[in-house]
Every structure is written in structure tokens, then in C-alpha cells.
């Protein structure tokens, strides 16, 4: 009997609680409907306002990252505004205060837990406004060289010259040394070449200079420079410097290709020698045989005697 009495008492408590919730639900049903309508309307308004802002800003700002950032922030702000208004309609003002306080604490905790993500996000915002590089620029960072294909708020997508996609964190793109190759339309091409010790170096300088005056893409107001730099093991080496217009990486490679061909053709025409390593082959364990006799006789002396 005692157990049955306890069960009945528990059921009465549950019934009273459910009845109270039912009465509150019926009483506040209009408020629930109004709050739901407010949230839906603000969600639709957020989407529409974001599209309008994107269209207006996109006409005046060419950076798609900035447009995407502004669109996302506006949508979040509008939706949160609708949620807080709906909570106010439901007389949950204390809940709103608790949510704001909790959001602050959660935001602080997430900031420590996801420092790298936050740093990349902030770096993406700074990149969007400062624009140290743009889409289709050729950049070099962290040992990777490639074309900028996409700029997100967290990463930048590079496509290397071999067609490999590399995702570089925006923090690295902002804080590490970065070369924007496309940002320098005038570049110097350096080519190293060696000539024989028997050639006249002044004549070599004149030959190289004249042969490169009409190189493809050469900047005419910068002179061709030839600087001898060292006495090598088999040649006297020099650096040839030519300034060219950098329109694309292919034009840069084409200019270097043209320079090498012109130097080789000019040297062949004037009889200038480009030395190359020479090796002496010694056949035999005990000093070998000199190659003044046929190779077959040097390799097989017994057969030669027969």
C-alpha cells in the first residue's frame, strides 16, 4: 500500500506540472506564434538584405572577399536581432541576458581553443581590405609559387605551375615574407655563361651585348649587363642580366629561352667556345693503356698479338 501511495503521489505531481505547462502554453500560444513569425520574417529579410548589399557593394568593390564578408555579417546580425525580439515577446528577457553573458564566455573560451582559426579569420579580413595580392596574381610564400585562384576568409588557394592546388593559411599569407611577382611588371633575368680562357673577354662582352638588344620583351631603357665574376675550373664565368616585361610566367620563360639561344648562336658565329667538362678514361687496373692504338687492341691485347 505504501508503494502504491508513493506512485500516486508522484503521478499527481507530474500531472500538476503537465497541467501547469499546458495552461502556460495555451495562455502564451499567441506569443509563440508571434515569436515564430518574427524569426521567420527576420530570416527572410536577412537573406534579401544580404543579396541587396552584395549587389550594391559588388558594383563599387572589386574584392569578392569583402563582399562575402559584409554579406555574411549582415545576415548574422539581422537573424540575431530577430531571435532576441522573439525572446522578448515570450517574456524571456532574463534568458536574453543570460544568452548574451553566455555568448561572451563561450566566445572567450572558443578564442583560446581555436586561436589559429581565429587568427586566420582575422588575417582574411585584413587581406580583404589591404589587398596585398589579388586573384590571378603570381605569388611566392612558404616555398610555394603559384597563381592565386581563390581568397577565402580562412585560406588562400594557390595553383602551382605544375597544376597542384595548395591551400595556404591566411595568417601565413599575411605574416610570412611574401613575393607578389605579378606586382612587379619589370623583372631582371640572370643567365650564367662561361667562356674559354683563350677568348678575349672584351670581345665576348660586346658580342653578348649586341646579340641581346632585341630579345623578346626586353625593356629598352635598361642596358644589357655583362659581369665576369670568377675563374672557374675550365672557364671564365660571367652573369648576363637583361630586364624584361613580366606579363606572365610564360613570357618570362620565353625571354630566358630567347636569351640562351641568342648567346649560343652568337658564340657559334664568332667562334667563341663554351667549355664543358672533359674526362680522361683510363683502361686497365695497373695504369691502363693510352688510346693511341685502336680501342679493341687496348681492351684485348692478347687477341691483338694473335
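The values are calculated or read from the model by the stated rules, or taken from the named source; none is laboratory data. This one's a predicted model, so the numbers in the text were calculated from it and none came from an experiment. No Cβ is skipped: glycine too gets one built from the backbone with ideal geometry, and neighbour counts run over all protein chains shown.
Residue-wise test of (1) within 22 Å of residue 184 (Cβ to Cβ); (2) outside the structural domain of residue 139 (by TED's automatic domain parsing); (3) assigned to a strand (DSSP E or B).
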| position | (1), (2), (3) |
| --- | --- |
| 203 | no, yes, no |
| 214 | no, yes, no |
| 244 | yes, yes, yes |
| 253 | yes, yes, no |
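Within region 136-166, being part of a loop (DSSP other than H, G, I, E, B), at negative phi and either buried (at least 16 other Cβ atoms within 10 Å of the Cβ) or touching a helix residue (DSSP H, G or I) at 6+ places or on another chain (Cβ under 6 Å) (or both) holds for 137, 152, 153, 154. One residue stands out in region 216-230 among those that are in contact (Cβ under 8 Å) with a residue 24 or more places away in the chain and assigned to a strand (DSSP E or B): the one that is nearest to residue 273 (Cα to Cα), namely 228. Inclusion of residue 101 among residues that are at pLDDT below 80, more than 30 Å from residue 37 (Cα to Cα) and surrounded by fewer than 12 Cβ atoms within 10 Å (Cβ to Cβ) is not warranted. So for region 209-217 (the condition being surrounded by 14 or more Cβ atoms within 10 Å (Cβ to Cβ), over 30 Å from residue 116 (Cβ atoms) and out of contact with any helix residue (DSSP H, G or I) (no Cβ under 8 Å at 6 or more places or on another chain)), does at least one residue qualify? Looking for residues that are surrounded by 14 or more Cβ atoms within 10 Å (Cβ to Cβ), over 30 Å from residue 116 (Cβ atoms) and out of contact with any helix residue (DSSP H, G or I) (no Cβ under 8 Å at 6 or more places or on another chain), one finds at least one in region 209-217, hence yes.
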